[in-house]
1. So if I check each of S310, S265, which one is modelled with pLDDT of 90 or more and crowded, with 16+ Cβ neighbours inside 10 Å?
2. In the list Y86, Y64, Y41, Y106, which residue meets the criterion of being surrounded by fewer than 13 Cβ atoms within 10 Å (Cβ to Cβ), closer than 25 Å to I229 by Cα and among the aromatic types (F, W, Y)?
3. Within the stretch 409-455, track down each residue that is among the small types (G, A, S) and surrounded by 16 or more Cβ atoms within 10 Å (Cβ to Cβ).
4. If you check E169, E97, E93, which single one turns out to be over 27 Å from E199 (Cα atoms), surrounded by 12 or more Cβ atoms within 10 Å (Cβ to Cβ) and acidic (D, E)?
5. Of the residues R362, R338, only one is without any contact (Cβ under 8 Å) to a residue 24 or more places away in the chain and among the basic types (K, R); which?
6. Let me confirm something: among V341, V376, which residue is buried (at least 18 other Cβ atoms within 10 Å of the Cβ) and touching a Ser or Thr at 6+ places or on another chain (Cβ under 6 Å)?
7. Any idea which of L329, L305, L293, L300 is of a type in the set (A, V, I, L, M, F, W, C) and touching a residue at least 40 places away in the same chain (Cβ under 8 Å)?
8. Have a look at E391, E404, E412 and point out the one that is touching a Ser or Thr at 6+ places or on another chain (Cβ under 8 Å), modelled with pLDDT of 85 or more and outside any helix (DSSP H, G or I).
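The values are calculated or read from the model by the stated rules, or taken from the named source; none is laboratory data. Only a predicted model underlies this, so the values are computations on that prediction, with no experimental measurement involved. Positions of Cβ are backbone-derived with ideal geometry, glycine not excepted, and every protein chain shown enters the neighbour counts.
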Amino acid sequence: MDNMEFTSSYSLKGILREVLRYKTGVFSLLIFAILILLSVYAYLSMPYDKAKELWNDSQAWLKYPRNAIPTWLAFFTGKNLPKNIYLKDPKIESVSETPKIVKYVYDINYTYDDFPSEFNIFLNSTFKNNPPNLRIYWINPYGDRILLFEKVQRAEKDIFYIGNESSIEQKFIEYYKEKLGFYPNFPVTVMRGLFGETENPKVNKGNYKLEIEVQFTDKSDTIEIEPIIYGKVYGVAGTDHLRRPLELGILYGTPIDLAFGLGASLSITVIQLILATVSGWYGGWVDNLIQRLTEIYMLLPFLPLMIMISLFYKLTIWQLLVVLIILSLFGSGIKTQRAMVLQVKTLPYIEAARTYGASNMRIVFLYIIPKILPPVIPGLIISIPAYIFLEAILSLFGVLDPTEPTLGRIIEEAFQNGALYKGFYYWVIEPSLIIVLLAISFALLGFVIDRIVNPRLKEV
């Protein structure tokens, strides 16, 4: 065998030029470019620390719909699914001066094919002595004016969860019984009562009114009211069980997973390359020690060890990266690379370097490693998806930092909250698709580079 068969004279610039000659290489680089541009856009629009804090702040997403499907997915349902309706600019009428009573009237034109998911009223008031008392009325297209409830605001900032009020549901059951003359033969929920027809469980499209009468205890008291009718569609990626838009987690999770996979693969490959070169060059007890340690490491149950360490010490993703590198120092790659070193060390230019007195370190780092590096690069690239999958697997086991918005963590939360069982397939598919695209891209790029640097494959 020619000692030069497994080496390549391509420079990095030459390798890139060769990659662009292959369609698979162009495709993989195109995917990388898109993902990197999206990641740069995300980090420029909002620093990571702020995005992470926002992702874990449940109060920041109260005005977003819960478990809303993406806008693009709604197109395939064939229905005009509801989006969030923010009720603004009410008609304000003064009902009484003493006591001070003000009526806020909101007009709603409901044209969607499905019922809303929720209905909340956000209140922000200032009062001198006691909080205001609110009476909330609902006027449907039939002209019926229904008192939903009367309640005193509990604090300066408060939220009335209309859909969770059992008393309102009971009122609509009584309303349906009165209109039909018998108990309705379909389940009556608050949303169905607000927006449904009386004869059947269908949406009643038309004009509605929301009337809120506010009775203040002092003339100087004020109030801000923001009613929100929540839809079932939101954004390009939908929302999760905590109302968080998934595009935020995917945009910031993708570069984290990329950095994790690239950092692990690059660090482990470089360390193993150095150890393999030292082992093959020095021989003797150094070679024996490195080879025995490699064989011991190859026997260790890698995944159970990672799970156990992560579970016991509650590691962040970056601490996990350090542990991963330590557990992979003496991997099987050392044996393959050592075999290449044993061939390279017999080449004439190595003998010439010895003759003119080059040091061992100079020969190792300037003559041997650059020679065996090109065949190692494909393996480095192909191994990146494995470490990205490892992060996803550990997240699925629930042993990683729950505050880190990674792709694996999004998938884990989806399974934990029964996304597939409840029909929220997008919640699992979207982050999984990004991981698969990353894996395919790195695999294709690795195969192309392997074809370039491996003379035998290039002849095929």
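1. Values: S310 fails: modelled with pLDDT of 90 or more.
Just a single option satisfies the conditions, and that option is S265.
2. The conditions single out Y86.
3. Across the stretch 409-455, the qualifying residues are A414, A419, S432, A439, S441, A443, G446.
4. Numbers: E169 fails: over 27 Å from E199 (Cα atoms); E97 fails: surrounded by 12 or more Cβ atoms within 10 Å (Cβ to Cβ).
The match here is E93.
5. The conditions single out R362.
6. V341 is the lone residue from the list that is buried (at least 18 other Cβ atoms within 10 Å of the Cβ) and touching a Ser or Thr at 6+ places or on another chain (Cβ under 6 Å).
7. None of the other options fit; the residue is L329.
8. Of the residues listed, the single one that is touching a Ser or Thr at 6+ places or on another chain (Cβ under 8 Å), modelled with pLDDT of 85 or more and outside any helix (DSSP H, G or I) is E404.
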